[in-house]
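The values are calculated or read from the model by the stated rules, or taken from the named source; none is laboratory data. Since this is a predicted model, take the numbers as computed values, not measurements. Note that we place each Cβ from the backbone using ideal geometry, even for glycine, and neighbour counts take in every protein chain shown.
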Amino acid sequence: MQELKDCIKENSVTNTLEIQECITGMVCSKEDPIELDEKSLLDALHVEGEFFVLKLHYDDFETELKSQKIKYKISQALSVIVSYEDDGKSFHKVDDFVRYIYGISDIKQNSTFGVKKVEKLSEFPITILFSGILPINQLQITVGKKIDELIHSNDEYFIPRFAKHRDDISQEIGIPILPVLPMLDESLNDFQVKLIDLEDNRVISDFQVKEQLDINAIEEALLKLFYIYKVLIEEKRQ
């Protein structure tokens, strides 16, 4: 456990003791319903990037379905580790969260969890460790109405195409890119594409696609985004 505490201390600058308590408290032993060992947490903290700890109650599930606070954080993290408490009456609540988090996680992410047996639930029986949070995975693509309509008119083509585009960028820059699906922004014109840094809401790029909108126009937009990502990561490395 000392190795885990030392790792947290080396990688945090504020609230170190509180963070140590949160993360070390996530460990679930072999006697617990589902084990979560110290090594899994150490491995998560060693993933390149920042980390973030979130504590929740089971009653927060319905709120999450509306706010998608967890979904937003998961979309930025290469590793997601969750520890749940079970007092013998919380199985279905644990199950709801496990299924939800599994459903919004990506195959490129390290995602695991443990369940700890307790006599009484604590104030926050769920602890989530998000790690491997890189600036390149904190971007959002928004599009105008016509682009959004075209994208959603052909999921069989665009879903695998966007996945391949992400893989191509990842291979080119040497960093795993997590899913960034274009979101409708009704404040944009019909043929506009905008790339935003979610950390400070800075507009990284803002461009138009051809009004003769078809798959080729989307391909041209994807090519622009490919080079934008490449330039961004090269700037970071310099």
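From the set of residues in the stretch 46-64 that are crowded, with 17+ Cβ neighbours inside 10 Å and among the aromatic types (Phe, Trp, Tyr), which is nearest to residue 74 (Cα to Cα)?
Selected residue: 51.
Determine, yes or no, whether residue 43 is part of a loop (DSSP other than H, G, I, E, B), of a type in the set (Asp, Glu) and either surrounded by 14 or more Cβ atoms within 10 Å (Cβ to Cβ) or in contact (Cβ under 8 Å) with a residue 12 or more places away in the chain (or both). Break it down stepwise before answering.
Details: part of a loop (DSSP other than H, G, I, E, B): no; of a type in the set (Asp, Glu): yes; either surrounded by 14 or more Cβ atoms within 10 Å (Cβ to Cβ) or in contact (Cβ under 8 Å) with a residue 12 or more places away in the chain (or both): yes.
When the stated conditions are applied, residue 43 does not pass them.
Taking the options 145, 108, name whichever one is surrounded by fewer than 18 Cβ atoms within 10 Å (Cβ to Cβ), within 28 Å of residue 201 (Cα to Cα), basic (Lys, Arg) and at pLDDT below 85.
When all the criteria are applied, what remains is 108.
Has the stretch 119-126 got any residue that is touching an Asp or Glu at 6+ places or on another chain (Cβ under 9 Å), among the basic types (Lys, Arg) and free of Cβ contacts under 8 Å to residues at least 40 places away in the same chain?
Within the stretch 119-126, one or more residues are touching an Asp or Glu at 6+ places or on another chain (Cβ under 9 Å), among the basic types (Lys, Arg) and free of Cβ contacts under 8 Å to residues at least 40 places away in the same chain.
Identify all residues within the stretch 16-39 that are crowded, with 16+ Cβ neighbours inside 10 Å and not charged (D, E, K, R); write none if there are none.
Once the filter is applied, which keeps residues that are crowded, with 16+ Cβ neighbours inside 10 Å and not charged (D, E, K, R), the stretch 16-39 yields 19, 20, 22, 23, 26, 27, 28, 34, 36.
Cβ-Cβ below 8 Å, separation at least six or inter-chain, first residue in the stretch 156-173 and in the same structural domain as residue 226 (by TED's automatic domain parsing) and surrounded by 14 or more Cβ atoms within 10 Å (Cβ to Cβ), second in a helix (DSSP H, G or I) and of a type in the set (D, E, K, R): which pairs?
So the pair list comes out as 169/230; 172/230; 173/230.
For residue 130, only one of the following conditions fails: (1) surrounded by 18 or more Cβ atoms within 10 Å (Cβ to Cβ); (2) more than 30 Å from residue 27 (Cβ to Cβ). What is its number?
(2)
Return only the number of the condition from (1) over 21 Å from the mean Cα position of the chain (by Cα); (2) surrounded by 11 or more Cβ atoms within 10 Å (Cβ to Cβ); (3) under 26 Å from residue 73 (Cβ atoms); (4) among the polar types (S, T, N, Q) that residue 192 does not satisfy.
Going through (1) over 21 Å from the mean Cα position of the chain (by Cα); (2) surrounded by 11 or more Cβ atoms within 10 Å (Cβ to Cβ); (3) under 26 Å from residue 73 (Cβ atoms); (4) among the polar types (S, T, N, Q) one by one, residue 192 breaks only (3).
Could you grab me the full set of residues in the stretch 42-88 that are among the hydroxyl-bearing types (Ser, Thr, Tyr) and within 26 Å of residue 117 (Cα to Cα)?
Residues of the stretch 42-88 that are among the hydroxyl-bearing types (Ser, Thr, Tyr), as a first pass: 58, 63, 67, 72, 75, 79, 83-84.
Once the filter is applied, which keeps residues that are among the hydroxyl-bearing types (Ser, Thr, Tyr) and within 26 Å of residue 117 (Cα to Cα), the stretch 42-88 yields 58, 63, 79, 83, 84.
Counting residues that are closer than 30 Å to residue 114 by Cα and touching a Leu at 6+ places or on another chain (Cβ under 8 Å), which strands (runs of 3 or more DSSP E) fully inside the stretch 126-238 reach at least 2? Let's see the steps before the verdict.
Details: elements: 126-133, 139-143, 192-197, 202-208.
The strands (runs of 3 or more DSSP E) meeting that bar are 126-133.
Restricted to the stretch 65-83, and to residues that are in a loop (DSSP other than H, G, I, E, B) and modelled with pLDDT of 90 or more, which residue is surrounded by the fewest Cβ atoms within 10 Å (Cβ to Cβ)? Show your work before the answer.
Keep residues of the stretch 65-83 that are in a loop (DSSP other than H, G, I, E, B), which gives 68, 75-78.
With modelled with pLDDT of 90 or more added as a condition, the list becomes 77-78.
Details: 77: 27, 78: 22.
Step by step, filter the stretch 65-83, then rank; the result is 78.
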